[in-house]
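In what follows, a structure is listed as structure tokens, so that the remarks can point back to it.
The values are calculated or read from the model by the stated rules, or taken from the named source; none is laboratory data. Source: prediction; values computed, not measured. Note: ideal-geometry Cβ built from the backbone for every residue, glycine included; neighbour counts use all protein chains shown. Just the protein is used for accessible areas: all its heavy atoms, side chains included, with ligands, DNA and RNA removed. Shrake-Rupley method; radii C 1.70, N 1.55, O 1.52, S 1.80 Å.
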Amino acid sequence: CSVWNEFIVNEIWQSRRCRNQLKKRLHRNWLNLEFKKSEQSFSKIYNQSGVRILNGYLLIHPQVYTSTSSDHKFACYKLKTGQKIQERSLEGFIERIDLGSSFIVFGFSNVDDQINTSDDTSESVDILQVYSVPDLNLLAKITLPAEQNKELYCVKNDLIVFLRAYRQSLDSCQFVLFDPVNKERKDFIVKLSFTDVLGIQFDGRYVLVKTIGKDDKITVFDVVTRQCITKGLPASEFTLNEVFRYPLSLSIEDHCYLTVFNIKTLARYKHFIHRSKKPNTEIGLLNQMFISDSGFLILSRYEKFKRTDHSNCCSQMELFNLEDLKYGIFQPVTLDIR
């Protein structure tokens with residue numbers, strides 16, 4: 001709850017002594033972790049499968065960038081008991097997988113055999129399939145328009161947000177907000193050149209749109225008020241990974257810097273990621289960065305000793321408080337995961 005979260009931030013996170021105690025306790029709990037192990041046997045159709053967890057359910061699905069047939073299964077299990085709830089077949093080439101609050105979205109690239117051209121090439125048709133969790137009922141099957149790119153839709157909470165060209169207009173775009181569970185659809189028009197759009201990010205209320213130009217720019221829209229919050233701000237370049245939660249745009253630059261841009265205050269901060277007190281070690285980035293619902297940025301990396309192979313290494317997770325990052329305060333809790 002918000003009261004408990006406020007207590008943690010004020011009484012623990014902002015106290016060096018309490019933060020150190022928390023860090024030691026987390027590390028000790030991890031080393032002495034007790035867990036209940038459940039095993040499930042899967043047939044060969046689950047080789048190289050991906051795994052997601054949503055609302056206490058384990059989702060086993062084909063990996064992205066794999067071509068599936070009717071023999072490829074997508075299954076849902078209860079996380080605590082291992083009981084299989086439902087199973088479905090998936091067909092097509094999977095390019096993207098996203099989780100909503102109670103559903104999963106598969107982005108497919110299918111070849112339309114009905115289309116033949118003079119040079120015997122085929123046209124790719126992009127399709128989204130939305131399944132409920134845990135029942136795996138097909139909630140929606142959406143064929144994207146020809147101009148729609150998979151980078152121009154986002155899934156967060158109850159919504160799938162699309163950015164599309166608006167009719168024949170050169171300076172207007174259309175946002176489409178789709179709730180697949182309640183079958184509700186809303187849309188609104190914004191002044192933005194669709195041909196300049198590189199990608200979008202959505203945090204549940206605000207959409208960040210990145211556009212190309214001599215210098216890349218970012219524009220932020222509020223999907224509730226349907227207003228433009230800010231427009232034409234300079235975007236980070238040569239980024240390895242980017243996440244967004246208003247008012248923060250966070251990215252990794254040059255494989256070694258965590259860059260924070262506060263869209264409200266226009267302040268930019270940089271933090272050198274590869275800090276290690278251990279001698280004779282190398283730090284490498286795992287390229288994983290995400291924002292938790294509780295308001296923390298979680299960044300993963302690995303550490304290995306020089307002149308040895310990668311078997312002698314450990315993963316590290318660094319937790320940053322988003323409230324601290326707004327003001328350029330970098331005081332992460334670091335966990336070593338052997």
For F162, work out the one condition from (1) closer than 30 Å to Y257 by Cα; (2) out of contact with any Gly (no Cβ under 9 Å at 6 or more places or on another chain) it doesn't fulfil.
(1)
Residues located in region 165-186, provided they are open to solvent by 40 Å² or more (accessible area, probe 1.4 Å) and not polar (S, T, N, Q)
Y166, R167, L170, D171, V181, K183, E184, R185, K186
The conditions are (1) hydrophobic (A, V, I, L, M, F, W, C); (2) at pLDDT 70 or above; (3) within 30 Å of G82 (Cα to Cα); (4) open to solvent by less than 60 Å² (accessible area, probe 1.4 Å), and I8 fails exactly one of them. Which is it?
(3)
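For region 16-62: of the residues being of a type in the set (V, I, T) and modelled with pLDDT of 60 or more, which is least open to solvent (accessible area, probe 1.4 Å)? I'd like the intermediate steps shown before the answer.
Within region 16-62, the subset of a type in the set (V, I, T) is 45, 51, 53, 60.
Applying the additional criterion that residues be modelled with pLDDT of 60 or more yields 51, 53, 60.
Working: V51: 90, I53: 101, I60: 9 Å².
In this case the residue turns out to be I60.
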Scanning for something open to solvent by less than 40 Å² (accessible area, probe 1.4 Å), over 30 Å from F188 (Cα atoms), modelled with pLDDT of 75 or more and not in a loop (DSSP other than H, G, I, E, B), does region 303-315 turn up at least one residue?
no
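Is it the case, given these coordinates, that T281 is open to solvent by less than 70 Å² (accessible area, probe 1.4 Å), at pLDDT below 70 and of a type in the set (V, I, T)? Spell out the reasoning first.
Details: open to solvent by less than 70 Å² (accessible area, probe 1.4 Å): yes; at pLDDT below 70: yes; of a type in the set (V, I, T): yes.
Answer is yes for this residue.
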